[in-house]
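The values are calculated or read from the model by the stated rules, or taken from the named source; none is laboratory data. In this text, all values refer to a predicted model and were calculated from it rather than measured experimentally. Every residue, glycine among them, receives a Cβ derived from its backbone with ideal geometry; neighbour counts consider all protein chains shown.
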Amino acid sequence: MFYTPDNLKEFDYYKNLGDPGVFPFSRGIHPAMYQGKLWTMRQYAGFGSAKETNTRFKYLLSKGQTGLSIAFDLPTQLGYDSDHPKALGEIGRCGAVVDSLADFEELFQDIPLDKISVSMTINAPALIILAMYIALAEKQNISLNKLQGTIQNDILKEYLARGNYIFPIKVSLKLCIDLIEYASLNLPKWNPISISGYHIREAGANAVQELAFTLANGITYLEEALKRNLKPALFLKGFSFFFASGNNFFEEIAKFRAARFLWANILKEGFKINDPDLIKFKFHAQTSGSALTLQQPLNNIVRVTLQALAAVFGGAQSLHTNSYNEAISLPSEEAVKLALRTQQIIAYESKITETADPLGGSYYLESLTLEMIKKVKAYLKVIQEKGGVISAYEEKYFQTEIQESAYLIQKNIEDKKEIIVGVNEFKEEEEEIFKFQKISSDLEEKQKEKLNLIKSQRDNLKIKEVLKEIKENAKDSLNLMPLILKAVKVYATIGEICGALREVFGEYALREF
Amino acid sequence: MKKIKVLVAKAGLDGHDRGAKIIARALRDAGMEVIYTGLHQTPEMIVEAALQEDVNIVAISILSGAHMTIFPKIQELLKKNNREDILISGGGIIPKEDMQELQKKGIGRLFGPGTPTNDVIDYIKSAFKDVLYA
């Protein structure tokens, strides 16, 4: 099987590709691509206390990482304080624990907020976390227009795939647009949303579904922002995307190129937005976590290298490379360093950064890209016919699609239609033992003590007032951010603020049976 | 013939249920009766569902690292209700030494990443072969 010009009969260079940096940006969003600026090397990190995570951040920066990316623990992601019964056993496990601004102060100790870009994986309580970052910058007299970074704030994919939602879906969407509005007016260098296919893919979707569902979510956010009368010139530059880079090398590259083509065309044709700066598709990539194997873990280093290479050939703006021991734990220091070194070797030694879109024009890759575009368009049409993302979700369209795909992938592995080295072929009896990251056992107690201390030192009358104000205004407020900012500045906790909002909005509960 | 009845449960705050859903479907395809709890279940909710549905086995999926808290808590609650006969098993991102420690406490087999669904099916079938399954 090979590809020839016959596979590209409909192909037109200017229509399908264009030069790098030129509409429709299939070849990349900058004319010089990595010769102009390398991708940001941004390892997602966070575990234990704010202090431990701060130490890991400094370690990564000392090894040449160029941006930060914070993982928060699950209680934080779901708006519970460390002393909430549901937080038991979960504190600091999947990320850093944050209860109040006091934790943020420790998290960013000695890190210059005006110089380093920071990405935050937080969704349901995104307004509160961004408010803490702003409050911290203000305390340090750093002008808000110097803050650079990204907040994930992609609540739709939490319902579709990741499961970290708090409120009913329409309330959540309103809060998401509050953040976009606030950031577009006050934080010019901030990306107020990172529309994420990664979690959809990791939940079991294939590459086509990942791209289609993510673009559909992106369109939904754009429509909601326009309904709020936000100006595309102000908010669209802040739209960024996030994808997985999996094992199928060429399919992944085709996906990234197709994503740029589709987004630019959708915005131009569907929304009549013509400014090239507003329709450039920027994305972060992370190598696929679910592709990592527990068996023969060192093999993961090779997998990650290939997946990272696909992201670079695909023109990523920033990249996280997974650590080889992540199928069993949070990564240890030596493993995360090796993952970062993998990116540095690609960036500095391989020379593949010397030209933009080096694979452009390949019969095979261009065919795959065209095919990807076609398949994604078909999905987008179905979603549109169902009345958009929310109604398609409510009829369980995405959930069913993702589950079917996940089951098929598993079956293919078990039937050996897909070979995973060390898992279903080339197996070894001896299981290798390797170091992994442990969470200190006294963390929960220490964090609860810290929380109590904060509560005893702050002005609790002010807390009572501001929480009351939030409850009274939550339903009718045009934008909740100013009130939330007021609350975090007096050290109201994430659990208190989310608790107040839970009282007003209620919780979303999905029953499976 | 009575079917083996399984409660597949997502314990704690972890939202990753790809594995739980795959296991639920594979067990169903293998002829068992399967109930999936959905996300964000506390040990109390899981045990309540297990009692109400009168299951033979509770299969917990957990990737968040909270396993050393959640498994013992479920075990304790089942004991309190005199249902120590319900087998507690599960899987997820659980280091081997933690698996061993939990198994010492009387938790059933725990499965890690890369486990073929047939291994889980065989384990459950063999655990209940005398009682239920032909």
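What the table shows:
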{"quantity": "Number of positions in the stretch A:131-143 that are hydrophobic (A, V, I, L, M, F, W, C) and under 11 Å from A:LEU485 (Cβ atoms)", "calculated": "4"}
{"quantity": "Selection from the stretch A:157-189 of residues that are surrounded by 24 or more Cβ atoms within 10 Å (Cβ to Cβ), hydrophobic (A, V, I, L, M, F, W, C) and either within 14 Å of chain B (Cβ to nearest Cβ) or not in a helix (DSSP H, G or I) (or both)", "calculated": "A:LEU160, A:ALA161"}
{"quantity": "Residue tally, condition outside any loop (DSSP other than H, G, I, E, B) and more than 18 Å from the chain's Cα centre (by Cα), over the stretch A:311-339", "calculated": "8"}
{"quantity": "Restricting the stretch A:323-336 to residues that are in contact with a Ser or Thr (Cβ under 6 Å, 6 or more places away or on another chain) and away from every other protein chain (no Cβ under 13 Å), the residue that is nearest to A:ALA311 (Cα to Cα)", "calculated": "A:VAL336"}
{"quantity": "Members of the stretch B:9-24 that are at the interface with another protein chain (Cβ under 7 Å from one of its Cβ atoms) and either among the hydrophobic types (A, V, I, L, M, F, W, C) or over 20 Å from A:ARG162 (Cβ atoms) (or both)", "calculated": "B:LEU13, B:ILE22"}
{"quantity": "Pick from the stretch A:87-123, criterion acidic (Asp, Glu), surrounded by fewer than 21 Cβ atoms within 10 Å (Cβ to Cβ) and in a helix (DSSP H, G or I), ranking: nearest to the other protein chains (Cβ to nearest Cβ)", "calculated": "A:GLU106"}
{"quantity": "Residues satisfying the stated conditions in the stretch A:279-300, i.e. part of a loop (DSSP other than H, G, I, E, B), within 14 Å of chain B (Cβ to nearest Cβ) and over 18 Å from A:SER332 (Cβ atoms)", "calculated": "A:SER288, A:GLN295"}
{"quantity": "Residue selected from the stretch B:102-119 under the condition touching a helix residue (DSSP H, G or I) at 6+ places or on another chain (Cβ under 8 Å) and under 23 Å from A:GLU428 (Cβ atoms), by the criterion surrounded by the fewest Cβ atoms within 10 Å (Cβ to Cβ)", "calculated": "B:ASN118"}
{"quantity": "Some residue of the stretch A:54-75 being under 24 Å from A:LYS446 (Cβ atoms), assigned to a helix (DSSP H, G or I) and touching a helix residue (DSSP H, G or I) at 6+ places or on another chain (Cβ under 6 Å)", "calculated": "yes"}
{"quantity": "Single unsatisfied condition, A:GLU269 versus (1) in contact (Cβ under 8 Å) with a residue 40 or more places away in the chain; (2) farther than 17 Å from A:GLN152 by Cβ", "calculated": "(1)"}
{"quantity": "Residue within the stretch B:30-38 that is assigned to a helix (DSSP H, G or I) and either in contact with a helix residue (DSSP H, G or I) (Cβ under 7 Å, 6 or more places away or on another chain) or facing another protein chain (nearest Cβ under 10 Å) (or both) present", "calculated": "no"}
{"quantity": "The stretch B:95-106, subset over 14 Å from the mean Cα position of the chain (by Cα) and within 14 Å of chain A (Cβ to nearest Cβ), residue nearest to B:ILE124 (Cα to Cα)", "calculated": "B:GLN100"}
{"quantity": "Unique residue being of a type outside the set (Lys, Arg), on the phi < 0 side of the Ramachandran plot and in contact with a Gly (Cβ under 6 Å, 6 or more places away or on another chain) when the list is B:LEU7, B:LEU77, B:LEU102, B:LEU87", "calculated": "B:LEU87"}
{"quantity": "Criterion: modelled with pLDDT under 95 and in a helix (DSSP H, G or I) - qualifying residue of A:GLU472, A:GLU444, A:GLU465", "calculated": "A:GLU444"}
{"quantity": "Test result for A:GLU503, more than 14 Å from chain B (Cβ to nearest Cβ), surrounded by fewer than 16 Cβ atoms within 10 Å (Cβ to Cβ) and assigned to a helix (DSSP H, G or I)", "calculated": "yes"}
{"quantity": "Tabulated pairs, the stretch B:107-118, first within 10 Å of B:ILE94 (Cβ to Cβ), second outside any helix (DSSP H, G or I), C-beta under 6 angstrom, 6+ apart or interchain", "calculated": "B:LEU110/B:GLY90; B:LEU110/B:GLY91; B:LEU110/B:ILE94; B:PHE111/B:GLY91; B:GLY112/A:LEU294; B:PRO113/A:LEU294; B:PRO113/A:ALA327"}
{"quantity": "Top-ranked residue of the stretch A:377-428 - restricted to ones that are among the hydroxyl-bearing types (Ser, Thr, Tyr) and away from every other protein chain (no Cβ under 11 Å), ranked as nearest to the chain's Cα centre (by Cα)", "calculated": "A:TYR393"}
{"quantity": "Residues of the stretch A:375-391 that turn out to be part of a helix (DSSP H, G or I) and farther than 25 Å from A:ALA254 by Cβ, as a count", "calculated": "3"}
{"quantity": "Matching residues in the stretch B:1-24 - criterion: being part of a loop (DSSP other than H, G, I, E, B), in contact (Cβ under 8 Å) with a residue 40 or more places away in the chain and of a type outside the set (Lys, Arg)", "calculated": "B:MET1, B:ILE4, B:GLY12, B:LEU13, B:ASP14, B:HIS16, B:ASP17"}
